[in-house]
1. Can you grab the distance from the C-alpha centre of the stretch 429-481 to the C-alpha centre of the stretch 353-420, Å, no decimals?
2. Tell me the label-point distance for the pair D189, L415, using the 7 Å Cα-to-Cβ offset, in nm and rounded to one decimal.
3. Nearest 20 debye, what's the magnitude of the dipole of the stretch 330-375 about its Cα centre given +1 on Lys and Arg Cβ and -1 on Asp and Glu Cβ?
4. For the stretch 347-425, run through the chymotrypsin sites (Phe, Trp or Tyr not before Pro) and keep only the ones in DSSP coil with at most 11 other Cβ atoms within 10 Å of their Cβ.
5. Determine the shape class of the stretch 381-465: with a ≥ b ≥ c the square roots of the Cα gyration tensor eigenvalues, call it rounded for a/c under 1.5, and otherwise prolate if a/b is greater than b/c, oblate otherwise.
6. With θ taken as phi - 60° and the coefficients 6.51, -1.76 and 1.60, list the Karplus ³J(HN,Hα) couplings across the stretch 195-212 in order, rounded to whole Hz; mark glycine and proline as x.
7. Which value, in debye to the nearest 20, describes the size of the charge dipole of the stretch 397-481 about its Cα centre when Lys and Arg Cβ atoms bear +1, Asp and Glu Cβ atoms bear -1, and nothing else is charged?
8. Quick one: of K218/K292; K258/K359; K359/K398, which pairs are farther than 32 Å apart, Cα to Cα?
Amino acid sequence: MRSAVCLLTVAALLAPPAGAQQSLPDLGGVDSPLSPQMERKIGEAVTRDIRFRDPSYIDDAEITDYLDRLGEQLSQAAGARLQFEFFALRDPTINAFALPGGYVGVHTGLLTAAESESELASVLGHEIAHVTQHHLARLINQQQQMALPVLAALAAAVLLGRSRPDLTMGAIIGAQGAAVQTGLSYSRDFEREADRVGIQTLQAAGFDTRAMASFFEKMQRSTRLADDSTVPGYLRTHPITSERIADVQNRAASMPYKQHADAVEFYLVRAKVRADAGDARDTAANLQLAVKEGRYVSEAAARYGLACALARAGRAKEAEAELARVRSLGVSSAMLELLDARIRLAAHDPAGAAALLTKARERYPYSHAVSYAYVAALQETNRNAEAVATLGELVRQKPRDPRLYAMQAKSYAVLGKRLLQHQAQAELYVLQGSLPAAIEQLQLARSAGDGDFYQMSMVEARLKELRTQYSTEMKEAQGQR
C-alpha cells in the first residue's frame with residue numbers, strides 16, 4: 001500500500017502540464033539541483049500520506065522523540081541546514097528510507113534488530129546522507145530525457161524501497177524496460193556515496209564507525225537474495241552487500257576507534273516496540289518468561305517492556321510492581337514516568353497521573369511525549385483552561401504538529417469557544433492536506449459569533465490565504481489533465 005501511495009504522490013508532484021512534452025523541466029544546467037522548496041514539497045506530501053493513510057504508521061510520541069533526538073545529533077554532525085523529521089512504521093523488515101526535504105522513515109524491524117545504538121545510528125546517518133546529498137535532484141538531472149511518469153516511478157522506488165528493494169525495482173524495470181537502467185546504476189552510486197558520507201557522520205557524532213559494517217552483515221543474513229548470483233546485477237538497487245561490507249570496513253579501519261555508551265532510551269524503545277506487538281496477553285506471557293529465564297541484554301529494559309505489556313493487557317497492579325523493579329535498578333527516563341502515568345490512568349486515577357506528569361514536565365521540559373501526556377491528563381481532569389494555555393505554548397514551538405491542533409479543538413469545544421475550536425480544527429485539516437475541509441471550518445469559525453475583533457481578523461486572513469492556495473492547486477491540477 002505504502003509503495004503505491006508514495007509512487008502516486010511523487011508522480012502527481014512531478015507530472016507535466018497537459019500538452020507538454022514528456023521530458024524533464026529545465027533545471028538550469030546539468031548540475032542544477034531540484035529546488036529545496038520542491039524537495040521539501042515532495043517529502044512533505046509523501047510523509048503526510050503515510051502519516052494519515054498508512055495503517056503501519058506508528059503514532060507514538062515516545063518513539064518519535066527518541067528517533068528525533070538521535071537524528072538531530074547525527075544531522076548536526078553532518079552539518080545539515082534543514083530540520084529533519086523521523087517517524088516509525090510497524091514493519092518487521094530491517095529497513096529505513098529517506099524522503100527529500102528531510103523526512104526519514106524507520107521500520108520497527110530495524111529498531112529491534114539493532115544490537116547497539118551505533119548500529120541504528122549508522123542506518124540513520126546513511127539515510128540523512130541521501131537527503132543532504134540531494135540524490136533525488138541529482139537523479140532527475142541525470143535522467144534529463146526520461147519521461148516523467150517513468151522518472152516518478154524510479155524516484156519512488158529508489159527513495160522508498162521496501163523490505164525487498166531488489167524485487168521492487170525489478171518490477172519497475174519489468175514495466176518500463178531499459179529506460180530506467182541508467183537510473184539504477186546511478187542509484188548504486190548514491191548508495192556508495194551515502195555509505196561514505198554516513199560513516200563520516202557517524203564518526204563526527206561520536207558513534208562506533210564499525211557498526212555500519214555489522215549492520216550490513218545483518219542485512220546480508222536477513223535478505224535471502226542479497227547476494228544470490230541468480231539475480232542479475234542490474235536488478236539491484238544497492239551495490240552487492242559483500243562489496244559494501246568490505247568498503248565500510250576499510251573506511252572504519254582508517255578511523256580512530258570510539259566506544260559509544262548506548263542511551264537508556266535505545267533499549268527502552270526497543271522493549272516498547274516488542275511489548276506493543278501481537279496479542280497483549282501472549283506478548284506479556286512471552287516477555288514474562290524471557291525475564292524469568294534471564295534472556296535479555298538489559299534487565300531494566302526487559303522489565304520495562306514487560307511492564308508495558310502487562311499494562312496493555314489490563315494488568316495494572318502487576319505492571320506497577322514491575323515498573324518499581326525497573327526503578328530499583330537505578331534507571332531514569334521520561335519513558336518510565338509516562339508508563340507510570342498510563343498505569344495510573346488505567347487504575348482510574350487521572351488526578352494522580354496529572355500530578356506525576358506535572359513533575360515530569362519540570363524534569364523533562366524538552367520531551368514532547370511528556371507534554372502531550374500532560375495536556376491529555378489536564379483534559380481528563382477537566383482542567384481545559386490550563387490545557388489551552390499549555391497548548392498555546394506548544395503550538396508556538398511546533399506550529400506544524402497536527403496532534404496539538406486536535407487537542408486544542410477538543411479543549412476549546414469543552415470550554416464552549418466555538419470560533420477557536422473551528423480555527424484549530426481548520427489547521428488540523430490543513431496539515432492533513434484537506435483544504436476544502438479547512439476552509440469549511442474557517443467559515444464556521446467566522447459565523448460562530450463568539451470571537452473578538454482580533455480573532456475574527458485572524459480567521460478572515462487565514463480564510464483568504466487558504467482559498468487562494470486551493471484555487472492555485474485546482475488550476476495546477478486542471479492543467480495537468
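Readers should treat all values here as calculations from the given coordinates under stated rules, not as data from a laboratory. None of the values given here were measured: they were computed from a predicted structure. Neighbour counts are summed over all protein chains in view; Cβ atoms, including those assigned to glycine, are modelled from backbone coordinates with ideal geometry.
1. Going from one Cα centre to the other spans 25 Å.
2. Rounded to a tenth, the inter-label distance reads 5.7 nm.
3. Here the stretch 330-375 has a charge dipole of around 40 debye.
4. The qualifying sites are Y366.
5. oblate
6. 4, 5, 5, x, 6, 5, 5, 4, 5, 5, 8, x, 9, 7, 5, 5, 5, 5
7. Rounded to the nearest 20 debye, it is 140 debye.
8. Listed pairs above 32 Å: K258/K359.
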